[in-house]
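Read through the structure below, which is laid out as structure tokens, and then see the notes.
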Amino acid sequence: MRRAVALVVLLAAGLLPAGALATARPVTAHDRALLAKPATAEEKVAEAVAERLTGHSNVSVRCGDMGISNPNVLGVTPIANGHAFDYFLMRPQECTYLTWFHESPARWDPRTCAPSDCGNVVNIVWALQTVAHESYHLLGYTNEAQVDCYGMQSIWFVASRLGASVAEAQALASFFWTRIYPLRRVETPTYWSAECRDGGTYDLRPASHSWPS
């Protein structure tokens, strides 16, 4: 019961990040400086997952100043003239959460997490979603509602690539769908769509009904 209460309190408090944002800006000098630095262990984790999800080689991920003042924006993919570059940026804490998850996936299972860990499950899920969301921007998608829906359906993939069991990966995707995505409609409607559902226009796997995995 304490686990469920902890998760519900966090969600009911309105702590809903705006999510990942695709900007219309080109590569900046600050971006180049970040990309010139060797990837940290945390950034390499995100890069490996993004490469597998997009099918692109040499994807770069850096965690640092994104040039975005809104603290709720967790990731950004620069886009210029409709073209996305093979890199995206995330806030440093997102890399931290990915590393925590990679080190001990089962610890963050929303079905079994210890009361002391459950409060961070929301943050873990957002980090998984951010990598997935930004990866779809790398593939050229710019509609935020579409990208967010595709990202949600790929949370299970990111989680499984980082060591989660199939059951846990699916549970994390379901957590986003049932606990977080409904808040999108009110708090961040640009990221919500009625077509993001089993059998909807944005269903990546219409032949399967194990939504959203």
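The values are calculated or read from the model by the stated rules, or taken from the named source; none is laboratory data. If you're wondering where the values come from, they're calculated on a predicted model, not measured in any experiment. Here Cβ is always computed from backbone atoms with ideal geometry, including for glycine, and neighbour counts include all displayed protein chains.
Please count how many residues of region 69-99 are farther than 20 Å from THR54 by Cα, among the aromatic types (Phe, Trp, Tyr) and not in a helix (DSSP H, G or I).
Counting residues in region 69-99 that are farther than 20 Å from THR54 by Cα, among the aromatic types (Phe, Trp, Tyr) and not in a helix (DSSP H, G or I) gives 0.
For region 83-101, does any single residue satisfy the condition of being in contact with a Lys or Arg (Cβ under 7 Å, 6 or more places away or on another chain) and more than 19 Å from GLU144 (Cα to Cα)?
no
Test ALA46 against the stated conditions and say whether it is at pLDDT below 90, in contact with a helix residue (DSSP H, G or I) (Cβ under 6 Å, 6 or more places away or on another chain), surrounded by 14 or more Cβ atoms within 10 Å (Cβ to Cβ) and not acidic (Asp, Glu).
no
Between residues in region 34-58 that are among the hydrophobic types (A, V, I, L, M, F, W, C) and residues that are part of a loop (DSSP other than H, G, I, E, B) and surrounded by 14 or more Cβ atoms within 10 Å (Cβ to Cβ), which pairs lie under 6 Å by C-beta distance while being six or more apart or on different chains?
LEU34/GLY64; ALA50/VAL59
Quick test for you: out of LEU183, LEU172, LEU128, pick the one residue that is out of contact with any Asp or Glu (no Cβ under 9 Å at 6 or more places or on another chain), part of a helix (DSSP H, G or I), of a type outside the set (Lys, Arg) and in contact (Cβ under 8 Å) with a residue 60 or more places away in the chain. Give the steps one after another, and end with the answer.
Values: LEU172 fails: out of contact with any Asp or Glu (no Cβ under 9 Å at 6 or more places or on another chain); LEU128 fails: in contact (Cβ under 8 Å) with a residue 60 or more places away in the chain.
One residue alone meets the criteria, LEU183.
Taking region 38-62, which residues are in a loop (DSSP other than H, G, I, E, B) and in contact with a Lys or Arg (Cβ under 7 Å, 6 or more places away or on another chain)? Steps first, answer last, please.
At the first step, the residues of region 38-62 found to be in a loop (DSSP other than H, G, I, E, B) are 38-40, 55-59.
The answer is none; no residue qualifies.
Being touching a residue at least 40 places away in the same chain (Cβ under 8 Å) and over 17 Å from TYR97 (Cβ atoms) is the filter here; which residues of region 158-169 pass it?
SER165
Filter region 186-199 for residues that are in contact (Cβ under 8 Å) with a residue 12 or more places away in the chain, surrounded by fewer than 15 Cβ atoms within 10 Å (Cβ to Cβ) and touching a helix residue (DSSP H, G or I) at 6+ places or on another chain (Cβ under 9 Å) and give the result.
THR190, GLU195
Does region 52-74 include one or more residues that are at pLDDT 90 or above, surrounded by fewer than 16 Cβ atoms within 10 Å (Cβ to Cβ) and of a type in the set (Gly, Ala, Ser)?
yes
Filter region 75-99 for residues that are buried (at least 18 other Cβ atoms within 10 Å of the Cβ) and not hydroxyl-bearing (Ser, Thr, Tyr) and give the result.
Those that are buried (at least 18 other Cβ atoms within 10 Å of the Cβ) and not hydroxyl-bearing (Ser, Thr, Tyr): GLY75, VAL76, PRO78, ILE79, ALA84, PHE88, LEU89, MET90, ARG91, GLU94, CYS95, LEU98.
Each row is one residue, and each column tells you yes or no for (1) farther than 23 Å from LEU183 by Cβ; (2) under 15 Å from the mean Cα position of the chain (by Cα); (3) touching a residue at least 40 places away in the same chain (Cβ under 8 Å).
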site	(1), (2), (3)
PRO71	no, no, no
ALA80	yes, no, yes
PHE85	yes, no, yes
PHE101	no, yes, yes
HIS133	no, yes, yes
VAL147	no, yes, yes
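I need the full set of residues from region 133-146 which are crowded, with 20+ Cβ neighbours inside 10 Å and either farther than 20 Å from ASN70 by Cα or out of contact with any Gly (no Cβ under 6 Å at 6 or more places or on another chain) (or both), in order please. Give the steps one after another, and end with the answer.
So in region 133-146, the residues crowded, with 20+ Cβ neighbours inside 10 Å come out as 133-138, 144.
Of everything in region 133-146, those that are crowded, with 20+ Cβ neighbours inside 10 Å and either farther than 20 Å from ASN70 by Cα or out of contact with any Gly (no Cβ under 6 Å at 6 or more places or on another chain) (or both) turn out to be SER135, TYR136, HIS137, LEU138, GLU144.
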